[in-house]
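To start, the structure under review is shown below, and the notes come after it.
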Amino acid sequence: MIEIYTDGSCLGNPGPGGWAAIILDTNDPDKTPSRIKGNCPDTTNNRMELLAVIEGIASTPSDRKIKVYSDSKYVVDTLNKNWKRKANLDLWEKLDQQIHNRNIEYIWIKGHANNTHNEEADNIAQQEANNIAQNPPTSTNLSHTDKTGKISMVDISNKNTTLRIAKATCDVMTSHESFLAIKNNKIEKGDVISSARIAGILAAKKTSSIIPLCHPILISHIEIAFNLDEANNVISITSKVTSSGQTGVEMEALTAVTISALTIYDMCKSIDKQTTITNIRLLKKSGGKSGIINFE
């Protein structure tokens with residue numbers, strides 16, 4: 001008989017995570033238990049719990065009877081009670097492959113209940129999560145090129161769905177005459193600010209049609225704000241885009257302010273040939289493995 005004690009940990013859920021499995025051979029009580037572990041920079045607690053079970057079973061001979069002990073009801077009840085699998089389907093498929101035609105029993109144990117092996121697995125998993133959080137992986141490779149250097153859309157199918165938010169800004173510098181005409185709604189083509197806001201919203205939703213390698217995403221909310229600085233004849237545009245998905249919304253936020261600015265330029269070019277669009281930049285992003293990045 002082989003006993004496997006597994007546990008997973010995640011900081012933030014989603015966030016940096018770790019997993020561990022303690023493997024004991026009850027036929028040889030003097031044998032030192034095997035300990036395997038791993039981590040992931042952007043994951044969930046359930047994925048780490050699953051991965052611990054997968055890797056633990058994969059580390060054992062296929063002809064041995066196994067008892068898997070886990071404090072995850074998500075894992076144990078899905079296996080024992082046939083709970084419907086709604087997420088992490090890639091890992092469930094891997095687990096199905098590992099357990100096919102094997103004699104395995106799945107047992108739930110209460111976490112933090114002074115079970116020596118469960119506590120050890122928990123401690124190792126937490127340590128792995130802390131390690132990857134403190135030392136995130138870095139890469140100098142461009143994400144949109146393959147091994148041969150050809151352009152390629154990034155595969156996001158295995159990324160976790162998280163709340164993604166991005167803010168961007170840009171400035172439109174005008175003549176004083178043009179600025180006052182915009183402010184007082186005297187532009188012949190119509191309401192410049194309202195038109196620019198609508199254009200920015202539409203552009204954010206169409207970003208994947210404009211930028212070749214952007215993924216089509218489901219946007220939850222778009223905000224576009226305008227600040228009119230009469231002393232400097234500058235219109236500052238700020239966008240905030242929100243989505244719950246597998247990829248960020250930085251490009252949507254940047255596209256929104258850019259098209260808003262171009263709309264102002266288009267509507268005012270008849271009276272101001274020197275309107276300048278400048279300082280297009282990302283202000284803030286959150287969600288995904290890189291967490292919060294703030295340039296404000």
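Readers should treat all values here as calculations from the given coordinates under stated rules, not as data from a laboratory. From a predicted model like this one, the values you see are computed outputs, not experimental measurements. Cβ atoms come from the backbone with ideal geometry, glycine included; neighbour counts cover every protein chain shown.
The gain in end-to-end length when the residue 93 to residue 281 segment is fully stretched comes to 63.5 nm, 0.36 nm per residue minus the alpha carbon separation. Note: relative contact order over the stretch 2-105, using C-alpha pairs below 8 Å and six or more positions apart, is 30 percent.
If you take all other residues with their beta carbon under 12 Å from the beta carbon of residue 50, and give Lys and Arg +1 and Asp and Glu -1, the sum is -3. Extending 7 Å from the Cα toward the beta-carbon at both residue 293 and residue 221 defines two label points whose distance is 2.3 nm. Remark on residue 67: its backbone amide H falls under 5 Å from those of 2, 3, 4, 105, a criterion applied only to residues 5 or more positions apart or on other chains, H modelled at 1.01 Å from N. Take each peptide in 126-136, 28-38, count the other Cβ atoms within 10 Å of every residue, and average; sorted highest first, the result is 126-136, 28-38.
Ranking 209, 46, 283 by how far each Cα lies toward the positive end of the dipole of the chain (charges on Cβ) leaves 209 at the top. Around the amide H of residue 164, modelled in the peptide plane, lie the amide H atoms of 243, 244, 245, all under 5 Å away and 5 or more residues distant in sequence or on another chain. Under the criterion of Cα pairs below 8 Å and six or more residues apart, the relative contact order for the chain equals 19 percent. Kirkwood analysis of the Cα pair distances in the stretch 79-237 returns a hydrodynamic radius of 22.5 Å. Close amide-amide hydrogen proximity is noted between residue 284 and 167, 295, each under 5 Å apart and 5 or more residues distant or on a separate chain (H modeled in the peptide plane; Pro and chain starts excluded). With a simple spin-label model that places each label point 7 Å from the Cα along the Cα-to-Cβ direction, the separation between residue 228 and residue 64 comes to 7.6 nm. For a bin width of 10 Å, list the pair-distance distribution of the stretch 182-252 built from all Cα-Cα distances, rounded to whole %. With a bin width of 10 Å, the distribution comes to 18, 42, 26, 13, 1.
With a ≥ b ≥ c taken as the square roots of the eigenvalues of the C-alpha gyration tensor of the stretch 1-56, please select rounded if a/c is under 1.5 and otherwise prolate if a/b is larger than b/c or oblate if it is not?
Taking the square roots of the gyration eigenvalues as a ≥ b ≥ c, the stretch 1-56 is prolate.
Here the 3J(HN,Hα) profile of the stretch 189-203, calculated from phi with Karplus coefficients 6.51, -1.76 and 1.60 at θ = phi - 60°, is 6, x, 6, 5, 5, 5, 5, 5, 5, 4, 4, x, 5, 4, 5 Hz, Gly and Pro shown as x.
Taking every lysine pair in the stretch 2-134 that is 8 or more places apart or spans two chains, those with Cα atoms closer than 23 Å amount to 25. Computed over the stretch 19-93, the P(r) tail beyond 19 angstrom holds 39 percent of alpha carbon pairs. Overall shape of the stretch 25-139 was characterised from the C-alpha gyration tensor. The equivalent ellipsoid obtained from it has semi-axes of 22, 19, 15 Å, in decreasing order.
Per-residue 3J(HN,Hα) values for the stretch 276-289, derived from phi via the Karplus relation 6.51 cos²θ - 1.76 cosθ + 1.60 with θ = phi - 60°, read 10, 9, 8, 6, 6, 7, 7, 9, 6, 9, 8, x, x, 5 Hz in sequence order (x marks Gly and Pro). Note on residue 103 and residue 27: the extension gain reaches 25.7 nm, defined as 0.36 nm multiplied by sequence separation minus the Cα-Cα distance.
Here the convex hull built on the C-alpha positions of the chain has a volume of 175 cubic angstrom per residue. What's the FRET efficiency of residue 155 with residue 13 using the Cβ-Cβ distance as r and R₀ = 30 Å, to the nearest 0.05? Once rounded, the FRET efficiency stands at 0.80. Spin-label pair residue 273-residue 208: with each label point 7 Å from Cα along the Cα-Cβ axis, the two points sit 4.2 nm from one another. Dividing the Cα radius of gyration of the stretch 162-294 by its Kirkwood radius returns 1.02 for Rg/Rh. For the chain, set up a GNM with springs between Cα atoms under 10 Å and report which of 201, 23, 99 has the largest fluctuation. Looking only at 201, 23, 99, the largest GNM fluctuation is found for 99.
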